[in-house]
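Since every read-out is calculated from the coordinates, none of them should be taken as a lab result. Just so it is clear, the model here is predicted, and its values are computed rather than measured. As a convention, Cβ positions derive from the backbone with ideal geometry for all residues, glycine included, and neighbour counts pool all protein chains shown.
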Amino acid sequence: MNNIEIKLKDLVKDLFAGEKIDVLIGYENGSLPLRSRPCFVHSAGEVDRLVWNSYCTNNLAVYLPRIFQRQEHKKEETPPPRVGIIAKGCDARSVVGLLKENQVIKENIIVIGMPCSGMIDPAKVEAALDGAGPYSCQGEVDGSLEVTTSSGEKKRLKREEVTAEACLECSHPLAEGADLQIEGEPKEACDERYEKIREFEAKSTEERWQSFVKEISKCIRCYACRQACPNCYCKICFVDQTKPRWIGASDELSNVMIYHIGRIFHQAGRCVECDACVHACPMDIDLRLFTQKLVKDVKELFDYVPGLSVEELPPLWTFKQDDSQSFITEP
Amino acid sequence: MNKTVDNWEPKIVAFLCNWCSYAGADLAGVSRLQYPPNLRVIRVPCSGRINPLYIVKALQQGVDGVLVSGCHPGDCHYISGNLVARRKFALLKNFLAYLGIEPERVQFSWVSASEGSRFAALIEKVVDEVKELGPAKKLVKKGL
Amino acid sequence: MANPYFPKLVTIEKITIENEARDLKTFRLAFCNRDDKKSFKYECGQFAMLSVPGAGESPIGIASSPLDEQYLEFTVKCYPTGVVTTALHNLEEGARIGVRGPYGNSFPLKELERKNVLIVGGGFAFTTLRSTIRYMLNEKSRARFENITVIYGARSPGELIYKPELKEWEERDEIEMYVTVDRGDEDWKGREGFVPAVLQEIAPSSENAIVLVCGPPIMLKFTMLPLLDLGFSPDRIITSLERRMSCGIGKCGRCNIGTMYVCKDGPVLSYKQIQELSEEIF
Amino acid sequence: MLQGLIKKEDLKKLIASVKKEGTFYGLIRGSEGLSLSELGPDDEVTLDYSNFKMPPKRQFFPFSEVICTYEDESMTDLPLSEEKAVIFGVRPCDALSLLYLDKIFIDEKFTDPYYRSRRDNSLIISLACREPLKTCFCTSVGASPAGKKGADILAFEVKDSLLFEACSEKGTRFMENYPAIFKKPGKADIKARDEEVSAAEKRVQTIDLSGITEKLQGCFDSPLWEEISQRCLGCGVCTYTCPTCHCFGLYDEKVELKGRRIRVQDSCMFPSFTLEASGHNPRTSNEERMRQRIMHKFRYTVENFEDIFCVGCGRCISNCPVNMDIRETLAEVIK
């Protein structure tokens, strides 16, 4: 057990002992190699389930609106729970977004910031193993990950090569503004970003369209990207509306494209680049290529970075007199 | 691109705000200014009323171009509707172009109630540009 | 291979607006093809899929009686979020739509023979009950049933459906009618009160009797206890369920409750069967 | 039982011969990973895989399928597919899933003609498993790495050859059609196959599912469902990648006056699945939907069809964004 994990458990035990929280959202060991998964801890006795390692990819903030909405389904009235949540830099920024949009009760949450050193992307590992999931994992040795394939072959993968894209490009590894902080050494913030976006922008219109078609053609409309996103808390998503019915139900390409355009555009000024959608996608669609474009534009056009301040107005709720209007058609 | 298609005329949906651009279009008509007849006008209360999905949905239904026009900045009937919309439009314009949809397919402009001739010139320009592109194929729902 | 999803073409012959809110209409349909008419044999309590091209399909209970040989009737409520119901309501007489069915089981009319029949209905869930009443009152079949008692309630006088028929039935001797509204208006001279309360007040005898009860879930919930109190055993309380459906033929999985599919094993179920289901129904 | 040996490199000959009458589907590894695709004689057939992402139900029950079209006020139903197809490389667990789907789509009273015609026109050659995945549990639910159920022919990899074994009349007829391609296998080949099979079988992890249906009967109102479903995000990955999930919806899509009615796969994990036009929804919570999915597969289908509608392929486990593991869920129920 690593040092951070011990500190975390002690802290959470204290929170339960002091009756500060009713439930803690954290990570536990998953049932597959390289997977830690969200878990809900309800008492000090269960705290030992918690883990902190390089596989905690899920954005836990997605559960916050639900945990408060859940109450509404219950028959007897109970007060909203007090929730502790373990947060990497990205999770904490999502929490800020949810607070800003009044989706969670501020007084009822305690954010525990983790010193995140970047997570491993199981999809990258799978790709490195020719498409098959690893059969077991022996852990990290000297900056490399040791795994065994289902045919029994042992392989070493460089940590950097299998680190999630979002983590490599992470600008805020530390959960700044968290209520409690677990000390440790987070990964360094990355300033060199959007290289892939710039590359894509430089391509011809036709090339870009072909890439968009190629990515979206993979979609099976399972809505995992939507469900995994902390920002997608709408009670009725536009794709499920019947009047008007924005898009048809079939997997005809234009339907699927409009779903993705609608969803991604709805994240403008809100997306924290956590890649929860990317990791959730079973078909490995490169959603980051599209979500990040909006993040970049919002930064460049409106000088706004989501998830850093609860008070600052979101960019699309406001305006400046001198906002760029170079896109306006002049006859 | 498919530049010369026999007898093809583009279909363009124009979302015009009630207070300025729609009145501007009206003025162009009343003043008997000539402009191409390719528009299908949808009057909206304010350019701030435009949901990006209106634009995308119009493209899916097979229009060759979309034009959104509202009051000039500072002239909005609702004070700031067009200014808030301007941010949304800037992002949308960039985003659709980024995905590979020709930028000329989706255009935004400001036309006031007194600018009949600006309206006519704007339509002339938009129709010309869309004609140059040829019929829309991207994002269009597959034929039945 | 016959395509079970393919609807038969019908023409809307007549549209009757049933209520004040104008969101309940009865559609009288006629098959465009003679063979289709012949093959569409239905019983009281069954439903069919109505389809409006471009909008989709909806399962709707059949409101006419199998003895109404000239036509087929459905009463449809238009919901603000209902795609098909809205499309249907926007149509005019003469329009063509599709019908697929009939589907599901029916009210156990055989078992009702030589018995007293109590019918309890609320709101517009009265449609398949109306089918049953029409059937029982028909001169060809009336002799097979003993006393027929009907308790029917709606929110307000304007929301009562099949008004001309209600009036006609009230004037007949072979059926006992109790029509009630939750709240009356100045012109309302009839009964006021919720269906369960009226039921308790009238207290029809459960001897040699079976009850058919249809209504919104909340009404059903509060009607069961008084019925049991009156001595109706759960197997003699017959009701009809509603679920979202797509296929109507037990494949699409939407209406699945336990091992049952409402579309083919229902929609008509006894209260006894409902109690045996694990999922809460109302 | 007819057996025949074919050199791996001779698969191309087989594909070329099949192509004369129909389509040959097999696995190829392209830029987008492994997928079941139409093959030509020049394509390199992939044999070294554990399983592929989308289950073979997609061949028979595509995500969306037009069932009729209309114009003005007339409707036309669509002609059935007459494409003859050979599907090679399906794993035995997935082959078994097709028998379950048959029970849904083909019955005495109503048969789905689109599904049926594709099934009738296809021949399934499954390929026995050698490298079960961490997520596989087929032997616990009635399937096995060399199971024959649902296959017309079962193929085994034996060194540089494939050993074909006919498991149905259709399969026998197919093999008899190509006498030049298949050779008689030797004793050593059979022995090698048997060793492979038992090794693979041993490698599949097992879970104890005895009495699962009875247990499920008793735990409808158990607090367990809330506990398990807390983590679930409510997406459709598990149902869409499941080889036996078959729920669907019928929708209309319209452009101007023309339109089509489409059968589209749907998922019981979505709230809209049971949402009625009135706004009433009998299953509003994640918890109820999760319970429905598990109950449907492990209890209702057992009572209706005497089969657990799960073949242990593990797709719902490996693809789940939050690592919901159906094996653990079932273990909780049994506990």
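Here are some notes:
- In terms of distances greater than 22 angstrom between alpha carbons, the cross-link table entries B:Lys142/D:Lys20; D:Lys7/D:Lys191; C:Lys77/C:Lys115; C:Lys251/D:Lys335; B:Lys93/D:Lys258; A:Lys218/D:Lys57 yield B:Lys142/D:Lys20; C:Lys77/C:Lys115; C:Lys251/D:Lys335; B:Lys93/D:Lys258.
- Listed residues A:Gly30, A:Gly84, A:Gly269, most fluctuating in chain A (Gaussian network, C-alpha, under 10 Å): A:Gly30
- Unpaired cysteine residues in chain C (no second Cys Cβ under 4.7 Å): C:Cys32, C:Cys44, C:Cys78, C:Cys214, C:Cys255, C:Cys263.
- Electrostatic tally near C:Glu13: other residues with Cβ closer than 12 Å to its Cβ, Lys and Arg +1, Asp and Glu -1, net 0.
- For chain D, the gyration tensor built on C-alpha atoms gives an oblate shape. Its axis ratio a/c (a ≥ b ≥ c) is at least 1.5, and a/b is not larger than b/c.
- Residue with peak Gaussian network fluctuation, chain C [Cα springs, cutoff 10 Å], from C:Thr132, C:Thr75, C:Thr259: C:Thr259
- Once backbone amide H atoms are built at 1.01 Å from N, B:Ile42 has B:Ala14, B:Phe15, B:Leu16 as its partners under 5 Å, excluding neighbours fewer than 5 places away on the same chain.
- Calculated from the alpha-carbon coordinates, the protein assembly as shown shows an Rg and a Dmax of 32.0, 97 Å respectively.
- Pairs exceeding 30 Å between alpha-carbon atoms, taken from A:Lys13/A:Lys154; A:Lys154/D:Lys13; A:Lys100/B:Lys88; C:Lys140/C:Lys167: A:Lys13/A:Lys154; A:Lys154/D:Lys13.
- Straight-line reach from D:Lys187: taking Cα to Cα under 17 Å and skipping same-chain neighbours fewer than 8 places apart, the aspartates and glutamates in range are D:Glu157, D:Asp160, D:Glu165, D:Glu195, D:Glu196.
- The fewest-to-most ranking of A:Trp52, B:Trp8 by surrounding Cβ atoms within 10 Å reads B:Trp8, A:Trp52.
- According to the Kirkwood relation over distinct C-alpha pairs, the hydrodynamic radius of the range D:180-335 is 18.6 Å.
- Per-residue Cβ neighbour rank within 10 angstrom, fewest leading, C:Leu67, D:Leu14: C:Leu67, D:Leu14
- For a straight C-alpha distance cut-off of 15 angstrom, the aspartates and glutamates reachable from D:Lys134 (same-chain residues fewer than eight places away being disregarded) are A:Glu126, A:Glu153, D:Glu201, D:Asp325, D:Glu328.
- Applied to the range A:81-86, the Karplus parametrisation 6.51 cos²θ - 1.76 cosθ + 1.60 on θ = phi - 60° returns per-residue 3J(HN,Hα) values of x, 9, 10, x, 9, 7 Hz, with x for Gly and Pro.
- Shown in residue order for the range A:175-184 are the 3J(HN,Hα) couplings computed by the Karplus curve 6.51 cos²θ - 1.76 cosθ + 1.60 at θ = phi - 60°: 6, 5, x, 5, 5, 10, 10, 8, 6, x Hz (x for Gly and Pro).
- The range C:8-101: proportion of alpha-carbon pairs further apart than 16 angstrom, %: 50 percent
- Beta bridge orientation in the protein assembly as shown: antiparallel %, DSSP, nearest 5: 60 percent
- Looking at the range D:1-87, the GluC sites (Glu not before Pro) that sit in a DSSP loop and have at most 12 other Cβ atoms within 10 Å of their own Cβ are D:Glu21, D:Glu44, D:Glu82, D:Glu83.
- Burial ordering of D:Asp42, A:Asp275, fewest other beta-carbon atoms within 10 Å first: D:Asp42, A:Asp275
- Diffusion coefficient of the range D:58-100 by Stokes-Einstein, Kirkwood radius over Cα pairs, 37 °C, 0.692 mPa s: 247 µm²/s.
- In Hz, Karplus ³J(HN,Hα) per residue of the range D:154-160 (6.51, -1.76, 1.60; θ = phi - 60°; x = Gly, Pro): 10, 10, 10, 7, 10, 6, 8
- Unit Cα scatterers, Debye sum, the range D:205-281: log10 I(q)/I(0) for q = 0.23, 0.27 Å⁻¹: -1.28, -1.23
- Normalising by residue count, the range A:219-331 has a Cα convex hull of 151 Å³ per residue.
- For chain C, the spread of Cα coordinates along the three principal axes comes to 51, 46, 39 Å, biggest extent given first.
- Proximal aspartates and glutamates relative to D:Lys202, as straight alpha-carbon distance under 16 Å, when same-chain residues fewer than 8 apart are discounted: D:Glu131, D:Asp194
- Taking every DSSP bridge with both residues inside chain C, close to 60 percent are antiparallel.
- At q = 0.15, 0.16 Å⁻¹, base-10 log of I(q)/I(0) for the range C:56-211 (Debye sum, equal scatterers on each alpha carbon): -0.91, -1.02
- Of every Cα-Cα pair in chain B, the percent that sits beyond 18 Å: 54 percent
- If you sort the three axes of the alpha carbon gyration tensor as a ≥ b ≥ c, you get a/c of 1.5 or more for the range A:122-162 and a/b no higher than b/c, which makes it oblate.
- Taking trypsin sites (Lys or Arg not before Pro) as exposed when their DSSP state is a loop state and no more than 13 other Cβ atoms lie within 10 Å, the longest site-free interval of chain C runs over C:190-282.
- Pairs exceeding a 24 Å alpha-carbon distance, out of C:Lys8/D:Lys254; C:Lys41/C:Lys221; C:Lys8/C:Lys41; A:Lys88/A:Lys124: C:Lys41/C:Lys221.
- Histogram of C-alpha separations across the range C:96-152, 5 Å bin width, %: 4, 15, 26, 23, 16, 9, 5, 2, 0
- GNM flexibility winner over chain C from C:Ile133, C:Ile218, C:Ile62 (Cα, springs under 10 Å): C:Ile218
- Evaluated with a Cβ-only charge set (Lys, Arg +1; Asp, Glu -1), chain B carries a dipole of roughly 560 debye about its Cα centre, given to the nearest 20.
- Between D:Ser35 and D:Ile28, D:Gly30, the built amide H atoms are under 5 Å apart, and every one of these is 5 or more places off in sequence or on another chain.
- Taking only Cα atoms of the range D:76-165, radius of gyration then Dmax in Å: 15.2, 52
- Value of Rg to Rh for chain A (Rh from inverse mean 1/r over Cα pairs, i.e. Kirkwood): 0.97
- Sum of -39500 (n - 2.57) over DSSP H runs of 4+, divided by residues of the protein assembly as shown (222 nm, nearest 500): -9000 deg cm²/dmol
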